[in-house]
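Please read the structure below before turning to the comments.
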Amino acid sequence: MSETTDLLRDMAERLFGQACDKNLLGAAEKGVWPAALWAQMAEAGLTNALVPESAGGSGLGVCDALVAVRAAARHAAPVPFAETLLASWLVAGAGLAVPAGPLTIAHASGAQAPMLTQRANGWRLTGRARRVPYARSACAIAVLMEVDGKAFVALVDPKLYAIEPGHNLAMEPRDDVIFDCDLGVRDVAPAASGADARTLRAFGAAMRSAQIAGALSRVLDITLQYTQERVQFGKPISKFQAIQHNLAMLAAHSAAANAAADMAAEAAERDMNELVIAAGKTRCGDAASAGAAIAHQAHGAIGFTHEHILHFFTKRLWSWRDEFGKESDWALVIGRAAASAGRAKIWSDIVTA
């Protein structure tokens, strides 16, 4: 890691650590938009981290941007940070102007997926995008679609679509968006080379891997503190062998998730290698499930209460592991790659990747 990366991590940790207290997280679950937090992120240049400097952005590399994403997840920041980075990456790559403010993404999938039709004076966008993160809070949605075998990006103003509100287990907005609108020629452009639905899913998986790693490291910190403070039979429960064993397992899952997230981030920055990202997301998903279970077992009943901070992180772990592909989805990618490579080549493919 470079000195720039260390400075970025320290800055992001301070920003999110000071802003994301229990009151802000609780208010966000009730639908209150954290405007002050978003303004601080924008002022620090985090929200346009992946936009080139020539287009008015910070021009950070993917690995550096994901360092900040991981820091945000360590504090359960209730904002579409990862989604804004993905959307701005798509929009800037297509040569469209990146709006200021929170952004989100949608891509064509499902029976009623958004469809883009070219007209003499512009475009027509129709269809439904399901479970779009933070659609109700976004100043625009970047929609990735295929037209005649080519990927296009449409930037859609919120006045042009309707929303059916929804949320995931962590109470983060996951809204259905209904499109039935006309778009101008400046609202739609061909996606950058390689920026198709498969690439977007892989990039999103690398983002969620970083978020899982960040949240799980905080779950470890919370659990260590609780077991050192909770006294039973005259001594902290962290002194009991069974608890120590579980804490060691939790630490191992956290370390594995962080290593896997690093691997996925490097692949995303280098060449968007799907096999490497598949391995990273699969391992992070496994760690999220096992780590959350261990943490709640160590906390007992108090960990499930709304008053305790633990649930803000474990609910995100359970939600993020299923987004941009769950473990079984990415395990298929790994399995197919192994079957295609064959017995003689699979090991060299793994170590080379």
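The values are calculated or read from the model by the stated rules, or taken from the named source; none is laboratory data. Please read these numbers as outputs of a predicted model, since none were measured by experiment. Cβ coordinates were reconstructed from backbone atoms using ideal geometry, including for glycine residues, and neighbour counts include every protein chain displayed.
In table form, for the structure just shown:
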read-out	value
Residues of the range 86-140 classified as part of a loop (DSSP other than H, G, I, E, B) and on the phi > 0 side of the Ramachandran plot, total	4
Residues of the range 42-83 classified as free of Cβ contacts under 8 Å to residues at least 60 places away in the same chain, farther than 16 Å from TRP320 by Cα and within 12 Å of the chain's Cα centre (by Cα), total	1
Qualifying residue in the range 295-304 (condition: more than 20 Å from HIS75 (Cα to Cα), surrounded by 14 or more Cβ atoms within 10 Å (Cβ to Cβ) and within 23 Å of the chain's Cα centre (by Cα))	no
All positions within the range 141-172 that are outside any strand (DSSP E or B) and within 20 Å of the chain's Cα centre (by Cα)	PRO165, GLY166, ASN168, LEU169, ALA170, MET171, GLU172
Test: ILE302 is outside the structural domain of GLU29 (by TED's automatic domain parsing) and at pLDDT below 95	yes
Of residues in the range 313-333 being farther than 15 Å from LEU216 by Cβ and of a type in the set (A, V, I, L, M), the one surrounded by the fewest Cβ atoms within 10 Å (Cβ to Cβ)	LEU332
Residue that is nearest to MET145 (Cα to Cα) [pool: residues in the range 160-210 that are small (Gly, Ala, Ser) and surrounded by 22 or more Cβ atoms within 10 Å (Cβ to Cβ)]	ALA191
Residue list for the range 60-96, filter: over 21 Å from SER209 (Cβ atoms) and touching a Leu at 6+ places or on another chain (Cβ under 8 Å)	VAL91, ALA92, LEU96
Complete set of residues in the range 258-272 that are under 13 Å from VAL67 (Cβ atoms), of a type in the set (Gly, Ala, Ser) and surrounded by fewer than 18 Cβ atoms within 10 Å (Cβ to Cβ)	none
Matching entry among ALA87, ALA92 (being in contact (Cβ under 8 Å) with a residue 40 or more places away in the chain, surrounded by fewer than 24 Cβ atoms within 10 Å (Cβ to Cβ) and hydrophobic (A, V, I, L, M, F, W, C))	ALA92
Test for ALA255: is it within 17 Å of LEU66 (Cα to Cα) and not aromatic (Phe, Trp, Tyr)	yes
Answer from LEU250, LEU310, LEU275 - the residue that is modelled with pLDDT under 95 and surrounded by 18 or more Cβ atoms within 10 Å (Cβ to Cβ)	LEU275
Qualifying residue in the range 18-26 (condition: acidic (Asp, Glu) and touching a strand residue (DSSP E or B) at 6+ places or on another chain (Cβ under 6 Å))	no
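Listed here are the residues, each with its yes/no results for (1) under 30 Å from ALA94 (Cβ atoms); (2) part of a helix (DSSP H, G or I).
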position	(1), (2)
ARG14	no, yes
LEU24	no, yes
TRP33	yes, no
LEU46	yes, no
GLY59	yes, no
ALA65	yes, yes
